[in-house]
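What follows is a set of notes on a single structure, which appears directly below.
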Amino acid sequence: MTSSEHFDPRDAEVIQNPFPALARLREHEPLHYSEAMAGWVITRYEDVRNSMRDPRYSANRLRPFFAHMDPTRRERLAALEKNLSLWAVFNDPPDHGRVRNLMNKAFTTSALAHMEGRIAEMVESLVDELAEQDGEVDFIRAFAYPLPAMVIAEILGVPREDVAHLKRWSDELASFVLTSRLSPDRYGRADAAIREMHDYFGQMAKRLRRHPDGGIVARMVAAEEKGDFLSEDELVAACVLLLFAGHETTTQLFGNGLYALLRWPEQLQRLRDGLHDRRQVENAVEEILRWDGPGLAGVRVLNEDVEMHGQRVPAGSRIFQFVAAANRDPGVFADPDRFDISRDPNPHLTFGYGIHFCLGAPLARMEARIGWPILLKKLRDIELVETPRFSDSMIVRGLEGLRVRCRAA
């Protein structure tokens, strides 16, 4: 692709299959200015990975966004700005490290270990309901969406009867954070959702300060680092972040994963044949994450000029780190367009790299490692009913729905 051509992620063909356009950029113009995105696109593995650990590429992209907003509109979105600006993923050191370290004390692998049995129970229940339909079903609505929402709600100590509210709030927030271009009034709806979530988790935090229950939120309330604690606003923001990030990625991991497996039936059969082998299941999860995973692109803002590929990119520029392109870089992955569940090693960048590596990655991997064997043992003859459509987000890659026909094993 030459500079006379234009990369536009709004193009319907690119939304459905961005990989050919990204491959041309990666080969011919690894640093590309996109008029449609009002920012620079990077696509090579080394460039994307390096940008994830280079302090010149700032994660603090929301404060400049709100600062340039019309004052009246900005005032109406004050709750949205306040909460999102406290998310660790939108902060640089030292603020990032301080909040992340306190969150890490609560959201640990050992703290999640007791969830394995409960996750298996949730998967069994959802798959049994799916199997009872014994026919056509939307896999996203029936399984890929509710499972991670139920899991993160239980981790956060949210009663089952409140899960629907949290899912609604998270959907409204996604319309802003994930830059869905076609969603009307996404800012106002996201601000309203943030206000409701702030009230909800604020009340929870006050209750847990008085009566700690040993759960993740109570552990964050009690987390301490050299005499420092999370403020109430920081605690609520952390809860909102965990709720939001805790199910969005995993939904796409299952949805995109099943779609990939159905397009590569020999790989689906290999996975079925090796469900007893934990290592093979784990390798399959990593290949799903790499080949067509939930991460499309990350966004950074340069805090100083950067020289790259013979060009100077000025401070203040937006950089779109196309993880989906980096994960298919032939300089790192042999035969990168092939979906191969035995690929090992598989150093994909779907969960990021460096200090911003996804806090929820162990949970997403756990849900997938537990979920796929149960799914594929209980269901057989899974087939596509229609070609699904991908959402129009510029940040995540996920299906709007996935209609399949399946039968109980």
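The values are calculated or read from the model by the stated rules, or taken from the named source; none is laboratory data. Computed from a predicted structure; not experimentally measured. No Cβ is skipped: glycine too gets one built from the backbone with ideal geometry, and neighbour counts run over all protein chains shown. Note: areas computed on protein heavy atoms with side chains; ligands, DNA, RNA excluded. Shrake-Rupley method; radii C 1.70, N 1.55, O 1.52, S 1.80 Å.
Key figures for this structure:
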| read-out | value |
| --- | --- |
| Residue satisfying all of: in the range 294-338; among the hydrophobic types (A, V, I, L, M, F, W, C) and loosely packed, with under 14 Cβ neighbours inside 10 Å; nearest to S34 (Cα to Cα) among these | A315 |
| Residue within the range 174-187 that is farther than 24 Å from A113 by Cα, surrounded by fewer than 20 Cβ atoms within 10 Å (Cβ to Cβ) and at pLDDT 90 or above present | no |
| Any pair with Cβ under 9 angstrom, 6 or more apart, that starts in the range 279-295 at a residue that is touching a residue at least 40 places away in the same chain (Cβ under 8 Å) and ends at one that is of a type in the set (G, A, S) and open to solvent by 30 Å² or more (accessible area, probe 1.4 Å) | Q280/S342; N283/S342; A284/S342; E287/S342 |
| So D277, is it among the acidic types (D, E) and in contact with a strand residue (DSSP E or B) (Cβ under 9 Å, 6 or more places away or on another chain) | no |
| Checking E121 against (1) open to solvent by 50 Å² or more (accessible area, probe 1.4 Å); (2) at pLDDT 90 or above; (3) under 23 Å from the mean Cα position of the chain (by Cα); (4) not aromatic (F, W, Y), the condition it does not meet | (3) |
| Selection from the range 89-111 of residues that are touching a Phe, Trp or Tyr at 6+ places or on another chain (Cβ under 8 Å) and of a type in the set (K, R) | none |
| Odd one out for A12 among (1) of a type in the set (A, V, I, L, M); (2) surrounded by fewer than 16 Cβ atoms within 10 Å (Cβ to Cβ); (3) touching a helix residue (DSSP H, G or I) at 6+ places or on another chain (Cβ under 7 Å) | (3) |
| Matching residues, the range 18-37, being open to solvent by less than 20 Å² (accessible area, probe 1.4 Å), part of a loop (DSSP other than H, G, I, E, B) and among the hydrophobic types (A, V, I, L, M, F, W, C) | M37 |
| Residue, surrounded by the most Cβ atoms within 10 Å (Cβ to Cβ), within the range 53-81, restricted to residues that are charged (D, E, K, R) and assigned to a helix (DSSP H, G or I) | E81 |
| Test: residue in the range 236-243 that is in contact with a His (Cβ under 7 Å, 6 or more places away or on another chain) and closer than 26 Å to P94 by Cβ | yes |
| Test: residue in the range 195-203 that is crowded, with 18+ Cβ neighbours inside 10 Å, at pLDDT 90 or above and touching a Phe, Trp or Tyr at 6+ places or on another chain (Cβ under 7 Å) | yes |
| Check on V236, under 21 Å from L84 (Cα atoms), over 22 Å from the mean Cα position of the chain (by Cα) and aliphatic (A, V, I, L, M) | no |
| Odd one out for T251, checked against (1) at positive phi; (2) in contact (Cβ under 8 Å) with a residue 12 or more places away in the chain; (3) not aromatic (F, W, Y) | (1) |
| Residues of the range 369-409 satisfying the condition of being crowded, with 16+ Cβ neighbours inside 10 Å, closer than 30 Å to A113 by Cβ and in contact with a strand residue (DSSP E or B) (Cβ under 6 Å, 6 or more places away or on another chain) | L379 |
| Total residues in the range 131-173, condition crowded, with 16+ Cβ neighbours inside 10 Å, over 17 Å from V240 (Cα atoms) and at pLDDT below 90 | 1 |
| Residue list for the range 95-118, restricted to those being under 20 Å from the mean Cα position of the chain (by Cα) and free of Cβ contacts under 8 Å to residues at least 12 places away in the same chain | T108 |
| Enumeration of residues in the range 38-52 that are over 19 Å from the mean Cα position of the chain (by Cα) and in a loop (DSSP other than H, G, I, E, B) | A38, R44 |
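Each row is one residue, and each column tells you yes or no for (1) among the small types (G, A, S); (2) on the phi > 0 side of the Ramachandran plot; (3) at pLDDT below 95.
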site	(1), (2), (3)
P314	no, no, no
I319	no, no, no
P345	no, no, no
G360	yes, no, yes
V396	no, no, yes
R403	no, no, no
